[in-house]
Amino acid sequence: MRLKTNKRLARRNRRITNYLFFGTFAALIGGFIIINASLFTPDVPDTLTLIAQSAILPVAFVLTIFSVRMTNLWARRPRPEDAIAGGLKGLSNKSVLYNYYHFPARHVLVCPQGVFAITTRWHDQRFTFRKGKFRSHKNILSKFFSAIRFDGVGRPLRDAEYASSRVQRAIDAVADDVTVQPLVVFIDPAAEIEFEDEPSLPVLYADTKKSPNLKDFLRDKKREMDEAAGDSKTRNANLMPLTDEQIEAFEAATT
């Protein structure tokens, strides 16, 4: 499998993540000093202290939110591109995994089984899937802090549908007979999902030791395609959903 990653974007965002971390740390220290300024310099006017407090605390809060979000998306391990690639070992060498080129689809896979827009979740928690929603098993306090940080699991099914629709536009420009399929993949091996209802689209693990996982899903899909295709000549004629020329055109237009 060929990997094509927007390394420049990934490096830049990881660098921004580091800046945000130190900026948040500095803002929190500055806020502590300003709040307790009267202990160090009694001559500081109360009005000035109040204004400074009103300014620094919201800034520190916003920086904290952005820092946590950027860390989860760009610096947290396992990194999505590595987890997906690791889960796809053994996939056809004609396959291509694109990382960070087709936002809001952060990952796009082109392989014999089709074209897939992959929406990932980094969360390492236990969830129950019921009535179209993922419900966390966290306690109330953890849910409260998660809500403040805006780092909940959100609505991955909706996000995956939207991401696939955006990739579909790019694919339609080079091949109007190919349907982009949405997938949701949890990349952390510690993630656990109990399915009380059947999701409207595949929800998978990147870890091959868990089920259902991405590798088994593609293997089963290939088996179904082979059975539907019948003889080997038909199978060989449909090895990839896009020709080499179409893949080149897709890359030229989007990467």
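Consider THR179 against the criteria (1) over 25 Å from TRP122 (Cβ atoms); (2) polar (S, T, N, Q); (3) without any contact (Cβ under 8 Å) to a residue 12 or more places away in the chain: it satisfies all of them except one. Which criterion is unmet?
(3)
Please find, among SER92, SER164, the residue that is in contact with a strand residue (DSSP E or B) (Cβ under 7 Å, 6 or more places away or on another chain), assigned to a loop (DSSP other than H, G, I, E, B), in the same structural domain as THR243 (by TED's automatic domain parsing) and of a type outside the set (D, E, K, R).
Going through SER92, SER164 in turn, just one is in contact with a strand residue (DSSP E or B) (Cβ under 7 Å, 6 or more places away or on another chain), assigned to a loop (DSSP other than H, G, I, E, B), in the same structural domain as THR243 (by TED's automatic domain parsing) and of a type outside the set (D, E, K, R): SER92.
Do we have any residue at all in the range 127-134 that's farther than 21 Å from ASN213 by Cβ and either not in a loop (DSSP other than H, G, I, E, B) or not assigned by TED's automatic domain parsing to the domain that holds ARG219 (or both)?
Yes, some residue in the range 127-134 is farther than 21 Å from ASN213 by Cβ and either not in a loop (DSSP other than H, G, I, E, B) or not assigned by TED's automatic domain parsing to the domain that holds ARG219 (or both).
What tally of residues in the range 198-225 results from selecting those that are of a type in the set (Ser, Thr, Tyr) and either touching a strand residue (DSSP E or B) at 6+ places or on another chain (Cβ under 7 Å) or under 18 Å from ARG77 (Cα atoms) (or both)?
2
Test of understanding: among ASP151, ASP172, ASP176, ASP159, which residue is touching a helix residue (DSSP H, G or I) at 6+ places or on another chain (Cβ under 8 Å) and either more than 22 Å from PRO80 (Cβ to Cβ) or surrounded by 14 or more Cβ atoms within 10 Å (Cβ to Cβ) (or both)?
After applying the criteria, what remains is ASP151.
Could we say that PRO58 is in contact with an Asp or Glu (Cβ under 8 Å, 6 or more places away or on another chain) and surrounded by fewer than 19 Cβ atoms within 10 Å (Cβ to Cβ) here?
no
Residues are listed down the side, and each one gets a yes or a no for (1) assigned to a helix (DSSP H, G or I); (2) farther than 30 Å from GLU251 by Cβ; (3) modelled with pLDDT of 90 or more; (4) not aliphatic (A, V, I, L, M):
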| site | (1), (2), (3), (4) |
| --- | --- |
| LYS4 | no, no, yes, yes |
| LEU9 | yes, no, yes, no |
| THR17 | yes, no, yes, yes |
| THR24 | yes, yes, no, yes |
| ILE29 | yes, yes, no, no |
| THR49 | yes, yes, no, yes |
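Got a number for residues in the range 200-238 being surrounded by 11 or more Cβ atoms within 10 Å (Cβ to Cβ), at pLDDT below 95 and either not assigned by TED's automatic domain parsing to the domain that holds VAL180 or not in a helix (DSSP H, G or I) (or both)?
Counting residues in the range 200-238 that are surrounded by 11 or more Cβ atoms within 10 Å (Cβ to Cβ), at pLDDT below 95 and either not assigned by TED's automatic domain parsing to the domain that holds VAL180 or not in a helix (DSSP H, G or I) (or both) gives 1.
Only one of (1) at pLDDT 95 or above; (2) within 26 Å of ARG223 (Cβ to Cβ); (3) among the charged types (D, E, K, R) is not met by ARG121, so which one is it?
Result: ARG121 fails condition (2) only.
State which residue pairs qualify: first residue over 19 Å from GLN181 (Cα atoms) and inside the range 209-229, second residue surrounded by 14 or more Cβ atoms within 10 Å (Cβ to Cβ) in any location, beta carbons under 6 Å apart, and separation of 6 or more residues or different chains.
ALA229/ARG235
The values are calculated or read from the model by the stated rules, or taken from the named source; none is laboratory data. Since we're looking at a predicted model, the values are computed, not measured. In this analysis, Cβ positions are derived from the backbone assuming ideal geometry, glycine residues included, and neighbour counts consider all displayed protein chains.
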